[in-house]
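The values are calculated or read from the model by the stated rules, or taken from the named source; none is laboratory data. Remember, predicted model here, so these are calculated numbers, not experimental data. Cβ sites come from the backbone with ideal geometry, for glycine too, and all protein chains shown count toward neighbours.
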Amino acid sequence: MSTAEVVSSLLAQRFGVAASELADETPLYRLRLDSLALEELRVMLEDTLDVDLDDIVLTSRDTVGRLMAAVEHEAAA
Amino acid sequence: MTRGPRPFEAAVTGLGLVTAAGVGVKATWHAVTGTARPGRVDRHPELADLPCDFMYTVKGLDAEAVLNATQLRLTDRFARLAVVAAREAVADAGLDPAVWDGSRVAVVIGCVHGGLPFYDEQHTTMLTRGARRVSPKLAPVTMVSAPAGSVCADLGARGPSLAVSTACASGTVAVGTAHQMLRANACDIAIAGGAESVLSRLMIASACRLKAVSTRRDDPLTACRPFDAGRDGFVVGEGAGVLVLERPEHARGRGAAVRALVRGYGASNDAYAAVAPHPDGAGVEQALRTALADADVAPDEVGHVNAHGTGTELNDLVEAGALNRTLGDRPAVTSTKAMTGHTLGAAGAIETAFTVLALEQQLVPPTANLTLPDPRLPPGLDIVRDAARPTAMTCAVKTSMGFGGHNAALVLTRA
């Protein structure tokens, strides 16, 4: 499973975000991903991907595209 | 006895219940009055090595079918039970959250332990997998105000909201607090109740060491025996009870059916011990007399008491003595805990809902599992047993007692 697929899968299973909602330009708050949700997602992704994502700085005003790019960048590092 | 200002009657217009005896008011009341047999008691594998491995458990509630993804993610079971019970109560009251003035709707939900199961789970995660794997949502999920907050968010109740935490008197104090808030005109509608779910190995292990819970592992269904000579402790249960209370003119103004009236409230503290009630029972007696004075009701007008009745030796004897001293031999006394388990912070609210139903239907539920009354009980105390008893009454009382010396009493009257 690719990093993007892991993110999509967690968003669907744990946050009720459908794959169809994941357009690159969509702000995260539109997907009900507030600051707490983003921290939960960080812990889940670190656990699933076995990476350290502490350096990623995201707010709910950032977009899906920015989230995916940031996680892929850290996972590849 | 000094009398306060004119009694204030809060109209009870809606009830919601989720208990081991049933999901919903109808199912729960049918079980509590119809069978005189206990609600659902389950053994839990994670408790298998403990002296007590059983609890009263809610069955037949599919939370995933009724709550949305965000609610499921951000709630532990105790808050989910509260939301489900609150929805039933609001619907029963004929209220529509889509059109009400949410700024005039208060929410008061009692709770003792909060999300102890999630706390327990996350502590285990930290010990076994490290601090980085601990969830950031520990606080919002486990705090005792989570049921109140979850109910507010679910229903769009934007008035005053709070959690009441006075140990096992929490549910009764929540209803009493709502009565006071309505009297003070802080709201027009108060959604009041209690919620608890503590399927936690940590919690039950401690309760076992305290010798507070029954260890009748060979017969869990009869383990909870309020007022019985063979009792050996309480049995924990999960559940939630919610009542909709309204200022009388608000209920009248919208033509709501009033199920009963909350007319008086009293609370006290024993100022004595961490877990044991004071042996003279003066604390619970004081709460009861205060509630009677608040309601302007004479002791001999009380036809029924839904007692705290946990099935511990200390509680049963102290409470029975105080009830009999204060109210005499007339009221039909019952404990419904053998039907629901001891739901801790939810107990007072669930049992206040039972008291409303008893007044409405003129029917007192039996004390299940009572076969041999403790001979030390007051001889005139009229405990209802074996089957529900039709009882003509205009006034009924709910009493609660908790760790830390908390006592509370409510006086309710027929609508």
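Could you tell me which residue of segment B:365-397 is nearest to B:V333 (Cα to Cα), considering only residues that are in contact (Cβ under 8 Å) with a residue 60 or more places away in the chain and acidic (D, E)? Taking the candidates together, the pick is B:D386.
Inclusion of B:A229 among residues that are closer than 21 Å to B:R77 by Cβ and either among the aliphatic types (A, V, I, L, M) or at pLDDT 95 or above (or both) is not warranted.
Can you confirm whether A:G16 is more than 14 Å from every other protein chain (Cβ to nearest Cβ) and in contact with a Ser or Thr (Cβ under 9 Å, 6 or more places away or on another chain)? Judged against the criteria, A:G16 is not a match. Within segment A:37-77, the residues that satisfy the criterion of being over 15 Å from A:L10 (Cβ atoms) and within 10 Å of chain B (Cβ to nearest Cβ) are A:D52, A:D54.
Out of all the residues in segment B:118-128, is one or more in a loop (DSSP other than H, G, I, E, B) and β-branched (V, I, T)? Within segment B:118-128, not a single residue is in a loop (DSSP other than H, G, I, E, B) and β-branched (V, I, T).
On the stretch given as segment B:384-408, residues that are hydroxyl-bearing (S, T, Y) and surrounded by fewer than 24 Cβ atoms within 10 Å (Cβ to Cβ) total 2.
The set of residues in segment B:66-110 being within 19 Å of B:L182 (Cα to Cα), part of a helix (DSSP H, G or I) and within 20 Å of the chain's Cα centre (by Cα) consists of B:A86, B:A89, B:V90. Is it the case that B:A86 is more than 14 Å from chain A (Cβ to nearest Cβ), touching a Ser or Thr at 6+ places or on another chain (Cβ under 6 Å), of a type in the set (G, A, S) and under 26 Å from B:L138 (Cα atoms)? So B:A86 does not fit the description; no. When you go through (1) part of a strand (DSSP E or B); (2) modelled with pLDDT under 95; (3) small (G, A, S) one by one for B:G14, which number turns out not to apply? Among (1) part of a strand (DSSP E or B); (2) modelled with pLDDT under 95; (3) small (G, A, S), B:G14 violates only (2).
Checking the structure you have, find out if any residue of segment B:356-371 is acidic (D, E) and touching a helix residue (DSSP H, G or I) at 6+ places or on another chain (Cβ under 8 Å). Checked segment B:356-371: no residue is acidic (D, E) and touching a helix residue (DSSP H, G or I) at 6+ places or on another chain (Cβ under 8 Å).
On the stretch given as segment B:44-65, residues that are outside any helix (DSSP H, G or I), touching a residue at least 60 places away in the same chain (Cβ under 8 Å) and surrounded by fewer than 18 Cβ atoms within 10 Å (Cβ to Cβ) total 2.
Looking across segment A:26-36, just one residue is surrounded by fewer than 16 Cβ atoms within 10 Å (Cβ to Cβ) and either closer than 15 Å to A:S9 by Cα or small (G, A, S) (or both), and that is A:S35. With respect to B:P7, determine if the residue is assigned to a loop (DSSP other than H, G, I, E, B), under 23 Å from B:L261 (Cβ atoms) and touching a helix residue (DSSP H, G or I) at 6+ places or on another chain (Cβ under 8 Å). Criteria met by B:P7. When the criteria are applied in full, B:V99 fails the requirement of being farther than 18 Å from B:V236 by Cβ, away from every other protein chain (no Cβ under 14 Å) and in contact (Cβ under 8 Å) with a residue 24 or more places away in the chain. Of B:T215, B:T128, B:T142, B:T124, which residue is within 14 Å of chain A (Cβ to nearest Cβ) and surrounded by fewer than 18 Cβ atoms within 10 Å (Cβ to Cβ)? Exactly one residue qualifies, and that residue is B:T128. Report yes if some residue within segment B:74-83 is surrounded by 15 or more Cβ atoms within 10 Å (Cβ to Cβ), more than 14 Å from chain A (Cβ to nearest Cβ) and in contact with a Phe, Trp or Tyr (Cβ under 8 Å, 6 or more places away or on another chain); otherwise report no. Yes, because at least one residue in segment B:74-83 is surrounded by 15 or more Cβ atoms within 10 Å (Cβ to Cβ), more than 14 Å from chain A (Cβ to nearest Cβ) and in contact with a Phe, Trp or Tyr (Cβ under 8 Å, 6 or more places away or on another chain). For segment B:304-340, the set of residues classified as touching a Lys or Arg at 6+ places or on another chain (Cβ under 8 Å) and more than 19 Å from B:N369 (Cα to Cα) consists of B:T326 only. Could you tell me whether any residue of segment B:234-245 is of a type in the set (D, E, K, R), part of a loop (DSSP other than H, G, I, E, B), surrounded by fewer than 24 Cβ atoms within 10 Å (Cβ to Cβ) and modelled with pLDDT of 95 or more? No, segment B:234-245 has no match at all. Of all residues in segment B:360-393, those being more than 22 Å from B:H30 (Cα to Cα) and either in contact with a Gly (Cβ under 6 Å, 6 or more places away or on another chain) or not charged (D, E, K, R) (or both) number 8.
Of all the criteria given as (1) more than 30 Å from B:E249 (Cα to Cα); (2) in a helix (DSSP H, G or I); (3) not small (G, A, S), the one not satisfied by B:L199 is (2). Before we move on, is B:A163 in contact (Cβ under 8 Å) with a residue 60 or more places away in the chain, surrounded by 16 or more Cβ atoms within 10 Å (Cβ to Cβ), of a type in the set (A, V, I, L, M) and under 17 Å from B:Y119 (Cβ atoms)? For B:A163, the condition - in contact (Cβ under 8 Å) with a residue 60 or more places away in the chain, surrounded by 16 or more Cβ atoms within 10 Å (Cβ to Cβ), of a type in the set (A, V, I, L, M) and under 17 Å from B:Y119 (Cβ atoms) - is not met.
Residues that are assigned to a loop (DSSP other than H, G, I, E, B), among the small types (G, A, S) and more than 20 Å from the chain's Cα centre (by Cα) were ranked within segment B:277-320; the one that is surrounded by the most Cβ atoms within 10 Å (Cβ to Cβ) is B:G281.
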